[in-house]
Each structure stands twice: as C-alpha cells, then as structure tokens.
1. Cut-off 10 angstrom, C-alpha nodes, Gaussian network model of chain B. Which of B:94, B:42, B:195 fluctuates the most?
2. Would you work out if the stretch B:6-214 is rounded, prolate or oblate? Take a ≥ b ≥ c from the square roots of the eigenvalues of the alpha-carbon gyration tensor; rounded if a/c is under 1.5, else prolate when a/b is larger than b/c, oblate otherwise.
3. Go ahead and estimate [θ] at 222 nm for chain B from helices alone: -39,500 (n - 2.57) per DSSP H run with n ≥ 4, summed, over the residue count, rounded to 500.
4. Using only atoms on other chains, find how many Cβ atoms lie within 10 Å of each Cβ of peptide A:105-113 and report the average.
5. For a protection proxy built on the mean count of beta-carbon atoms within 10 angstrom, sort A:178-184, A:43-49 highest first, please.
6. For chain A, just say rounded, prolate or oblate: build the C-alpha gyration tensor, square-root its eigenvalues into a ≥ b ≥ c, call rounded for a/c under 1.5, and beyond that prolate if a/b exceeds b/c, oblate if not.
7. Work out the FRET efficiency for residue B:54 and residue B:215 from their Cβ-Cβ distance, taking R0 = 30 Å, and round it to the nearest 0.05.
8. In peptide A:90-103, how many Cβ atoms from other protein chains are near each Cβ within 10 Å, on average?
C-alpha cells in the first residue's frame, strides 16, 4: 500500500540498495531487542534511526557490521548476505566505517597513527602511503594540526572527528554512526555534525543513530522511528517531523519538545 | 660491646660475588617469569577449557602457597621427578620462577581484562581479526598498564631471593649468614647485609616510582 507512496517521496531511491534489512530479529537472553525490522538503505542516502533509548536502533546498527549476530531475518550488504565466516565478514567490515558514541580511539596511538592504523594493518598499505592517507583524512575533518597529539590531549569533539577520519581512511562504501554526539559537550556537538553534513553532501551513504532531531530533519533523506524493537514509522523527514502518521511518533517527538 | 667492622672488609670478595648471584637470580627469574606469565595469562583467557582450567589451578596453587615452601618442595621433589641432580642455584631459580610466573600471569590477565570491550570492537569494525586486535590494540595498552605492577614485583623479588638461602644457594643472605656463623660477628654481618640490600633496593624502588609516573595511563 505504502510502496508507491514511499518511492514517490524517497528522492534517492533510484540508487542501488546498499543495505537491506528483512525481518531482522535479535535477542539478548530472554530479551528481544529487535522484533523483525525491515529497512532499505540506498546509495548516497542518509538514513537516520531515531527513537527512545533501548528501542533497538543501536542494536540494528551493530548487527549491520556483525558486531552482534542476528537471530532471525536477513541483512544484505551490497547484494550479499552478511557472511558467517570470520574472514569474509572482516572483508565486509572493512567496507563499512563505524563511529562509536564513546569515540574508542586507541589511546596509545597519536591522532595520525589512529587514522593510519586501518590502512596499515587491514589493507597492508606501506607506512608512507598510510601516513599520506591519514594526513589527508585529518585535514578533511579539520584536524591536520592535531596529527601528533594523543587522544587524551584532544577535546571530545576533536576525538570524535579523529574517529570519523579513522573510519574514512578505509575508504568505506557506507558509514555507520552510533549516537556520535551523545557523549559530547553541547558546544562541540556542532563541529561533529558539520563534518557529518559535509560527508552527506559529498554523497556518502550513512546510517545514523541519533538524538539530534535537527540533524535528522535537515540532513536525513529517510528517517526510521524505533520503539520496543521495531520500526513504528519510516518516511522522509518532512513526513516524520511535520505530519507523523502514528501516535507513537507524535508521542516521541512531543517528549523531545519537537514542535514541527 | 665492641664492633669489629673489619670482618665485612675481609670477606668483601665473597660478599661481592654473593651480591652478583642475588642480582643474577632476580634477572634470570624475571627473564623466565615475564614471557611465561604472558603465556599462562593468554591460556587462562583464550585457551580450550581444560587447558584454561589447568592454567588456573597452577596460578592459584603457586600464588597461595608460601614461597619458602615452594623452595623446599623444589629442593626435595624436583630431583625425584626430573631424575636430574640440579644445582642449588638451578633449584632456587626454578622455585622463584614458578612463584613469580603465577604472579605475573595474574598481572597480565588483569591488564588484558582492564581494556574495555569498545576497543576490540573499534579494531574489529576496521576489519581487524581478533589476533590483530590483540596484537595492535589490546596488548600494547595492557603492557603500559601492568608495567608499574611488574616493577613492584621486581623489587619484591629482589628481596625474596634471600629465601633460597635455605637450600644453600650462595646468594647474599646465605653467604652473609655463613660468614656470621664462622666469625660470630652477628650484628656486623646483619648490618652489612641490610646495607647491601637497601643500597641496591632503594634505587630500584625509586625507579619504580618514576616508571609509575612516566607510564601513567591517560585516556
């Protein structure tokens, strides 16, 4: 029923499907974190996952690159099912960049070394080449001058930008962001969102778990609202934020003080 | 009561050589116990369950038995088991290594466990294998964290080597006690022994303090 409507409003839907989630189920012991999630991510799209804490949006993101294994349904990445064997899974992970809420920079390495680590260890690039790429990526996130600094000497916003550069250095096909600004001071959130906005403008495919409704509204091409392990509504931001079709979405947005 | 400090000077050659043995025992024990401790820690964390259990039994046994008992045990039991007539020095070294390896294994295990899960996830999200994550991300951080603990173990070990005097290893404590027995210069020899241990031990303790400051983990 909604199929025709969706494609009409979905501006980037002609791009190839990069990620397809079909009936994804994930359990932790007796708790079911995802109760059957269907979602498509097209090339060049920014898909924002919003919803209350514990509704399953981070879990879905972590299932995407196999940090968590699903208990039912399918996840396809670039036309292939997420592989079970470690080696193929690793190759697939290398094509998906991930940014964590708590940055997870390697504290024993400088910003430069953090960014060069993936190309060096995973892509077996020469040190000179990996360093050139690290320099370029740090410049891209506006932190060329912080290359020799250790993470402990950087602000939260700077650390998260280095983490983005670290993921970009692998030249991924898609970037996964897991609440990238939730651990940041309000005044540094903007610098991280700006970097993400630039990436989106360059056509990077992005899946973003976020509580930043303004970002989802302005940058997102498609928004999925999660509640208790399922998507209660998905659509373009204009629908979700201006004319939500479900009570649950209206409820969630009004709790955030969102007034359209 | 009169003191005769000349006894110390008369026996200087033996004391110097015995001090050498004490240092040798400390260095040799650590050279064995650091790599072996790493292996035992890795077995306790990542090995097949029965191997893991065996490693746990070893650690909990040797960590909770007095070192002097291990020294005696090595002296009486090792020759029977191995069929070799081990020298007192080799026997003492074996006892110390068994004990300190168990301690170091616990130190390394705690160090590896102290690195939060997100670090492995970040490494794996880049496409690293578990082994690569361990080698490039976890072990380098864990080593920094445990270095001060290892340095402390070193300082304790330096003094604990005196326990192998009970099986006639000619290290500092044994030799000083021998000289005392022959010369009846009890206070002089005990004082000399204390002075030598202190003069060597104090700089080591200061070095530990420096290492703890230098390698403090900042995140």
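1. Among B:94, B:42, B:195, the largest GNM mean-square fluctuation belongs to B:195.
2. oblate
3. After summing the helix terms and dividing by residue count, I get -26500 deg cm²/dmol.
4. 4
5. The peptides rank, most packed first, as A:43-49, A:178-184.
6. Prolate.
7. It comes out at approximately 0.40.
8. Averaged over the peptide's residues, the number is 3.
Bear in mind that the values in this text are calculations on the coordinates, not laboratory data. In this text the structure is predicted, and so the values were computed from the model without any measurement. Don't worry about glycine lacking a Cβ; one is built from the backbone with ideal geometry, like all the others, and counts go over all protein chains shown.
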